[in-house]
Amino acid sequence: MPLDEYNRKRDFGRTPEPKGQERRKPGWSFCVQKHAATRLHYDFRLELEGVLKSWAVPKGPCFDPAEKRLAMQTEDHPVEYGDFEGIIPAGEYGGGAVVLWDTGTWTPLGDPHKDLRAGRLKFTLTGSKLRGAWMLVKIKGRDPRDAEKTWLLFKERDEESRPLSAYDVTVERPESVKTGRTLEEVAREQDQVWHSNRPAARGKPTRLEALAARLRHTKPAPARGAGAHALPPVPAAALATLVTEPPAGDEWVHEVKLDGYRILARLDHGRARLVSRNGKDWTDEFPAVAAAVEGLDVRSALLDGEVAMVLPDGTTSFSAMQNRGSQKEAALTYFVFDLLHLDGRDLTPLPLRERKEALRGVLPRGRKGLLRYGDHVVGQGAAFFAEACRMGLEGIVSKRADAPYRPGRSRDWLKVKCTREQEFVVGGFTEPEGSRAGIGALVLGVHEEGALRCVGKVGTGFTDKMARDLRRRLEALEQPGCPFTPTPKGMGRPRWVRPELVAEVDFTEWTPEGRLRHPSFKGLREDKAAGEIVREVAKAPPGARTPAPGRAPRGKGAARRGAEAEVAGVRLTHADRVLYPEQGLTKLGLARFYEEIADWILPHLADRPTTLVRCPEGLSEPCFYQKHVDYAPDVVRRVRIKEKTKSGEYVVVDTLPALIGLVQIGILEIHTWNATVARLETPDRLVFDLDPAPDVPFARVMDAARRVRAALRADGREGFVKTTGGKGLHVVVPLVPGAGWDAVHAFSERVAADLVREDPRGFVAEMSKAARAGKIFIDYLRNARGATAVAAYSTRARPPAPVSVPLAWD
């Protein structure tokens, strides 16, 4: 049995480790435990096949892809071990202190069972500390006894990777994600080691007793003098990541998303200071809030919350705050949802649930008054979000209950919006028309790739007073040159301004061109810097994993929020999901593209088995190849094809609805066989893929394609050319079906070998990257049974949404 070795090594009468059993219900959790045994190491564990597959990583994980960390595979552990933290008694197997260093979920990029056996496991992690794409690769160990146990763990290159010189996660984040304690703090608590044969000294402590014990472990804030309870400077605020739906599970708490100003309040020696999320002092802006904080019965504190104006219907309104006037100061409320310091104690390492427990005891009781406790619900994220939207609220914020307070944006805090809104940089304005005062519209943009890109105009949502006030501020910022790259067209005759003001705008969706649809102005954001404004793209929440190959999403957790649309009779869910962030190209935009070019692409797809590149969340999340897609709309045809050791079900795209059905499940690339289903064993074409090394100019690639064509013509055949959607070209040769796969493969290999022999400095037919420097790789291997090439007119899963396009030889 999988856990026999684990159980054999342990005396569960002496160790607090869980005995556990193999789980029948599969899950996708992962954990990392920092373990001070004979040597300090990190135990990396992935839930698979009912147990935790485990590796000991001496140096720990690293976000630098250049750092390949040794990982020795150890015995399988029970899934219950994923929550273990404490001390394994001396003399027991693995004796020493253990902290739960990270937890979360993992998503295999491929078949995890097959890949584990093959010794090459690729996956993504969604944890409190570890995120993005990772690899485990088995290598040949120095000691023959460890031949099957030696692996390397390393980070794949993606948006999460960082050089070790800039960030060492094991140094920067040594604490437990469960309790906030360090390994040294756990090791000092030897008297708390549990033994099953030792009677309990007392009953279970109450929640308040447990909190008091935890507060004793927090570090005092740095003191300025003897007896002082000084606070550090106000830290950067923790920020939430936009996601498509609330995360599931009771490890999350959910709060109402308020429509106001984010404020951190610092109370020291009876004086309060209010600071915005970008570090500006707002004490004079909200004097009544500062006075209320000064009335708290504490020596010092650091609070985090939102100052908002509550309307009679119970909602909050940013627009109302913009127009409140001094006489409405009493209508403001400071909703406090976090406590970072209290009476000289740093609470940021504590789990959120404990910080909020302490906060509840600090704030006045009741739902009236200027200071209010920012309450929450535990779990039930989907129901809470639905109710928030029904009530007309902006959305919700979901937070990991066990996470410490981390400045900056992370996935410990997530936000889900009922309507679309975000901040934009104001780069210009137009003149009013008719009887309108002040301005006609604001020209808006976001920062992308180091430049300010225009996303459209907003001309509604202003009162006359707001429009006149805006004009005065904009005229003071006027400049002759356009701040956008490139200069936008279709804006009329705008007057350009220095891009310093930030506007908050409601809108219905992004157009396929990356412009705002139906925008409405809400107000200026004084608390956000123009330089940090980017296009917000919602990501999948933790736990919303891509199904393993051959598995369809099931159960309540499979439902996702988003706009719906219909193209060619096929229902598109989450039609507003951005697939290509660089262009703002949505799922609906891609479906409409294919609808427009259906007469061109379908002849290249009809009756051919496919291999597909699937990106369920677009390019903002990992993509993967799929040969066998069990889950697809009914309009997609499937065929069963005999493979070497089994039969597999392949997708065939014969109709426009089938093509749109692929868009619905997130397919961004379509690769086809060189044979049709009707004559599977006699290919009707072959493909030469000309793949240049990075230093090869495109003129040489064109010349290579002509040389392939000439070689084919010398043999009495004709070739046609198309782009690959990348740097290379495909030469496609139609065949009258008759010859088998072996003959076609041998012919293409001979053509490639002849070209290499004629010009060994220009061509190479080996896959080795080392041999390809300065040369063009003639890939003839796409002409074997089951091999594929990207279809003509298919998009590619890379920026900026390139397409494989047939060309004329001239």
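Every condition in (1) surrounded by 22 or more Cβ atoms within 10 Å (Cβ to Cβ); (2) in contact with a Lys or Arg (Cβ under 9 Å, 6 or more places away or on another chain) holds for I778 except the one numbered (2). Report yes if A675 is of a type in the set (G, A, S), within 29 Å of E766 (Cβ to Cβ) and either open to solvent by less than 20 Å² (accessible area, probe 1.4 Å) or at pLDDT below 90 (or both), otherwise no. So A675 passes the test. Close Cβ contacts (under 6 Å, 6 or more residues apart or on different chains) running from residues in segment 689-705 that are within 26 Å of A787 (Cα to Cα) and in contact (Cβ under 8 Å) with a residue 12 or more places away in the chain to residues that are among the aromatic types (F, W, Y) and outside any helix (DSSP H, G or I) comprise D691/F777. Every test in (1) farther than 19 Å from F337 by Cα; (2) modelled with pLDDT of 85 or more; (3) open to solvent by less than 20 Å² (accessible area, probe 1.4 Å) is passed by P287 save one, and that test is (3). Candidates D11, D43, D64: the one that is over 17 Å from P108 (Cβ atoms), in contact with a strand residue (DSSP E or B) (Cβ under 7 Å, 6 or more places away or on another chain), open to solvent by 20 Å² or more (accessible area, probe 1.4 Å) and acidic (D, E) is D64. For segment 755-769, state whether one or more residues are at pLDDT 95 or above, β-branched (V, I, T) and surrounded by 15 or more Cβ atoms within 10 Å (Cβ to Cβ). No, every residue in segment 755-769 fails to be at pLDDT 95 or above, β-branched (V, I, T) and surrounded by 15 or more Cβ atoms within 10 Å (Cβ to Cβ).
Can you tell me how many residues in segment 608-635 are open to solvent by 40 Å² or more (accessible area, probe 1.4 Å) and on the phi > 0 side of the Ramachandran plot?
Residues of segment 608-635 that are open to solvent by 40 Å² or more (accessible area, probe 1.4 Å), as a first pass: 619, 621-623, 625, 627-628, 630-631, 634-635.
From what is left, the residues that are on the phi > 0 side of the Ramachandran plot are none.
Matching residues across segment 608-635 total 0.
For residues in segment 502-515 being open to solvent by less than 20 Å² (accessible area, probe 1.4 Å) and not polar (S, T, N, Q), which is nearest to V425 (Cα to Cα)? Step by step, filter segment 502-515, then rank; the result is V502. When we screen K19, K34 for residues that are of a type in the set (K, R), closer than 20 Å to K178 by Cα and open to solvent by 10 Å² or more (accessible area, probe 1.4 Å), the only hit is K34. Which pairs have Cβ atoms under 6 Å, sit 6 or more apart or on different chains, and link a residue in segment 127-141 that is open to solvent by 20 Å² or more (accessible area, probe 1.4 Å) to one that is not aromatic (F, W, Y)? Correct list of pairs: R131/L125; R131/E160; V137/R120; V137/L152; K138/G119; I139/T150; I139/L152.
Say we look at segment 426-479 and pick out the residues that are among the charged types (D, E, K, R) and touching a strand residue (DSSP E or B) at 6+ places or on another chain (Cβ under 7 Å); which of these is surrounded by the fewest Cβ atoms within 10 Å (Cβ to Cβ)?
Within segment 426-479, the first condition is being among the charged types (D, E, K, R), and the residues that meet it are 431, 433, 436, 448-449, 453, 457, 464-465, 468-469, 471-473, 475, 478.
Checking which are touching a strand residue (DSSP E or B) at 6+ places or on another chain (Cβ under 7 Å) leaves us with 453, 457, 478.
Numbers: R453: 21, K457: 21, E478: 12.
For segment 426-479, the residue satisfying everything is E478.
Across segment 495-536, the qualifying residues are those that are assigned to a loop (DSSP other than H, G, I, E, B) and small (G, A, S), and the one among them that is nearest to E475 (Cα to Cα) is A529.
Pairs are defined by a Cβ separation below 6 Å, a sequence spacing of at least 6 or placement on different chains, a first member in segment 743-772 that is over 18 Å from R713 (Cβ atoms), and a second member that is small (G, A, S) and not in a helix (DSSP H, G or I); the pairs so defined are H745/A784; V756/A765; R772/A693.
The values are calculated or read from the model by the stated rules, or taken from the named source; none is laboratory data. Because the structure is a prediction, the values reported are computed rather than measured. A quick note on method: Cβ atoms are made from the backbone with ideal geometry, for glycine too, and the neighbour counts reach across all protein chains shown. SASA here: full protein model, heavy atoms, side chains in, ligands and nucleic acids out. Shrake-Rupley method; radii C 1.70, N 1.55, O 1.52, S 1.80 Å.
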